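Report on the structure given below.
The values are calculated or read from the model by the stated rules, or taken from the named source; none is laboratory data. Because the structure is a prediction, the values reported are computed rather than measured. Positions of Cβ are backbone-derived with ideal geometry, glycine not excepted, and every protein chain shown enters the neighbour counts. With ligands, DNA and RNA removed, areas are computed over all heavy atoms of the protein, side chains included. Shrake-Rupley method; radii C 1.70, N 1.55, O 1.52, S 1.80 Å.
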Amino acid sequence: MKPACLRGIAALFFALVGAFNAQAQPVAGQPPTLLPQEQGWAYTRTGIASGVYKISDQFAVFPGSRYGFVKGFRVPLDDQDPLHTEAVLQDGQVYVPVSFAGYPTLKEIKPDAPSPAFLRDRWVYQIPRPAYTPPPAVHTLQVNGKTYVDFADVGHALGLHVFEDETGLVCLGEKPDFNYTTHELNIRDATLSAFDTPEKIVDPKIALKYLSNLPALAPMPKPPAIPLTAYNLAGFNFKMLGGKVPPPGVYPRLLFSPEDLPGIQERLKQTNAMQMALAEMDALFAVTWWDKTTPDGQMFLKLAQGEMTEYTGEGKGAGIYSSNVNYPANCLTSMALFCLLSGDEDHGKMAANAIYNYYKALEPKLDKVLAASDNEIAFTPELAGYSTRQWQGVDKLVSGLDAGLALDFAGTWMTPEQKDLMRRVIVKATYGRRPTAGAGLGHLLALAAIEGLPGYDAEGYAADAELARSFLDWGFDEKGQLTAEGAQAGNLQFQLLAMVVLARRNDNLWGHPHWRNFLNGVPTPAPGANSGAAASDGGPYDTQTILEYHAFYPDNTAADRILSQRFPGFNPAKSDLTLFTAQLARESAVHMRQLKLRLPGLSSPGYVQQSLLYDTDWKLPVLGE
């Protein structure tokens, strides 16, 4: 069986050597340039296919990469720790984990699943690993407590042909004449580029032969600084995590489960802050998206009915005040949450249809970006904002703050076809990419929305989880204050949501000592201040963040104190909801925009005061406390 990425490549491969000199090509001593994309050059559209075809009957490894190839199939060197296990060069020999060394003993290679065609060059396969005990002739090495073996020795012990060259590439196979001739050095470059990972170019010298600069790489989280034994979950409100995560493809699943809805709706009835957020959403939608005479209302109808066939961008004639969001996607995601909690089936179904059609309309543009190679991105101005390895850039295209939540909240009303379209778009946008901290963790939410489904990037999810933990280690100090590094990440909303997603999946970071001290280290705003000096800049002082923190730590008196001084004289628990709702009903869309009344919801990167789901009534401090 050959991997999907090699089908149809054979004829191309044998034509490559002769074609390399036919058109533009890298020239030693001259700057790289835009290359023909169909001739198999490294970092072009056909580079991975041509390079992997060459080793399609080999077992191949390269020092510094955490991937190896098993007869053309890319696999992690180690299943137990795929993110941190690399091939090691020691005394001129390449060592790999003993768990990888069993592959050359297999008689038949059977991957767990084929790669989607649109991910053929990125796909990391899972292949059952046979046990391997190194014989005495195979040299071993201990690396971080793991046994590594000399891969060339493994080949010799099995009677296989061993190919080694000056780059560090080692290939084992049955062909006695396998090598790269002097006319195939460009193909070797293409082979080596296939060992690159989202966070590492394994041989930068080769990459710079084809690119003006090294590609944008994913950030590498720092190693953990705080042991799990230091975490403290005393006072944590486990009820806010909801019930058991449902099976793959069942929604909602990110922040709560279907069986949690009755309890959330009951909490809504008992919490004035939640009811006020719901009333604001109702009032805002009533004069915009649910009013057919407005630009928002007309766009909503077109999207819901499938009449909008082009990518709709940020939206025109927006009726609700917003900033730093993708307006249509943000509104539709918040609408789906509103409908879930309020039981509005009619608008829920329309929101689900609109979300589906919105993402269906943008998929062709996403496909165009995904088809671009590193070489094209390096030399094509309109592609300069994208990367083949980073979430940044693509996240703007698919509204990365909303993608996972949109499917999660609207999935209840979606047909199987609609859910599969959303899954496919999320797979295309997330697989093999890595985010930055802060709002970049929308990547984790998108991955968790499709966990267990075809195309789910388990390696990417694990990397994102490490990033979330690393932010708590290094983005905050022991007093709960943001460090210079942490401040660069911006708002904490998606860090917090990622922590909820992780905690529901038995990876609870809420007890991190830096996070526990977060609000204790927040300066109290001056009496009479509405939102604090830092509340409008996307920093940790956002009212939304404090309310959400308070929901999970309801006895945190710092949250009560900050909220009470931020909104002096206001007690949500004693608010007159009837009067509040009547006042909202008299407001026009224009006036609410002038007041800068933002739509409550979860997918805004700060600025919004209410999340709806985690809004709580706070306690007024007693004088002298």
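For the stretch 389-410, a tally of residues being crowded, with 24+ Cβ neighbours inside 10 Å and either modelled with pLDDT under 95 or not charged (D, E, K, R) (or both) returns 12.
Within the stretch 430-450, track down each residue that is of a type in the set (A, V, I, L, M, F, W, C) and farther than 25 Å from Lys349 by Cβ. Ala437, Ala439, Leu441, Leu444, Leu447 - these are the residues of the stretch 430-450 that are of a type in the set (A, V, I, L, M, F, W, C) and farther than 25 Å from Lys349 by Cβ. When the criteria are applied in full, Phe285 fails the requirement of being under 29 Å from the mean Cα position of the chain (by Cα), open to solvent by less than 40 Å² (accessible area, probe 1.4 Å) and of a type outside the set (Val, Ile, Thr).
Here Lys368 meets each of (1) in contact with a helix residue (DSSP H, G or I) (Cβ under 8 Å, 6 or more places away or on another chain); (2) under 23 Å from Glu307 (Cα atoms) with one exception, condition (1).
Criterion first (over 30 Å from Pro26 (Cβ atoms), under 11 Å from the mean Cα position of the chain (by Cα) and open to solvent by 10 Å² or more (accessible area, probe 1.4 Å)) does Asp420 satisfy it? Judged against the criteria, Asp420 is not a match.
For the stretch 364-378, residues that are surrounded by fewer than 16 Cβ atoms within 10 Å (Cβ to Cβ) and under 16 Å from Tyr431 (Cβ atoms) total 2.
Considering each residue of the stretch 491-502 in turn, none proves to be of a type in the set (Phe, Trp, Tyr) and in a loop (DSSP other than H, G, I, E, B).
Could you please give the count of residues in the stretch 194-218 that are touching a residue at least 24 places away in the same chain (Cβ under 8 Å) and part of a loop (DSSP other than H, G, I, E, B)? Qualifying residue count for the region: 14. The residue that is modelled with the highest pLDDT, among those in the stretch 498-528 that are open to solvent by 30 Å² or more (accessible area, probe 1.4 Å) and of a type in the set (Gly, Ala, Ser), is Ala526. Please verify whether Ser212 is in contact with a Gly (Cβ under 6 Å, 6 or more places away or on another chain) and among the small types (Gly, Ala, Ser), treating the condition exactly as stated. Answer is no for this residue.
If I filter the stretch 219-230 for residues that are closer than 30 Å to Thr415 by Cβ, in contact (Cβ under 8 Å) with a residue 24 or more places away in the chain, part of a helix (DSSP H, G or I) and open to solvent by 20 Å² or more (accessible area, probe 1.4 Å), do I get at least one hit? Checked the stretch 219-230: no residue is closer than 30 Å to Thr415 by Cβ, in contact (Cβ under 8 Å) with a residue 24 or more places away in the chain, part of a helix (DSSP H, G or I) and open to solvent by 20 Å² or more (accessible area, probe 1.4 Å). Limited to the stretch 611-623, what total is found for residues that are modelled with pLDDT of 90 or more and open to solvent by 30 Å² or more (accessible area, probe 1.4 Å)? Result for the stretch 611-623: 1. The set of residues in the stretch 231-243 that are under 25 Å from Ala410 (Cα atoms), in contact (Cβ under 8 Å) with a residue 40 or more places away in the chain and assigned to a loop (DSSP other than H, G, I, E, B) contains only Gly242.
Restricting the stretch 244-262 to residues that are among the charged types (D, E, K, R) and not in a loop (DSSP other than H, G, I, E, B) leaves a set whose member that is surrounded by the fewest Cβ atoms within 10 Å (Cβ to Cβ) is Glu259. Touching a Leu at 6+ places or on another chain (Cβ under 7 Å), part of a helix (DSSP H, G or I) and acidic (Asp, Glu) - does that describe any residue in the stretch 275-284? Yes, the stretch 275-284 has at least one match.
Here the stretch 551-598 is the region considered, the condition is being open to solvent by less than 10 Å² (accessible area, probe 1.4 Å) and touching an Asp or Glu at 6+ places or on another chain (Cβ under 8 Å), and the residue that is nearest to Lys619 (Cα to Cα) is Pro572. Here Asp177, Asp150, Asp189 are screened, and the one residue that is within 17 Å of Asp121 (Cβ to Cβ) and either among the acidic types (Asp, Glu) or under 29 Å from the mean Cα position of the chain (by Cα) (or both) is Asp189. Scanning the stretch 423-438 for residues that are within 23 Å of Tyr356 (Cα to Cα) and open to solvent by 10 Å² or more (accessible area, probe 1.4 Å) yields a total of 4.
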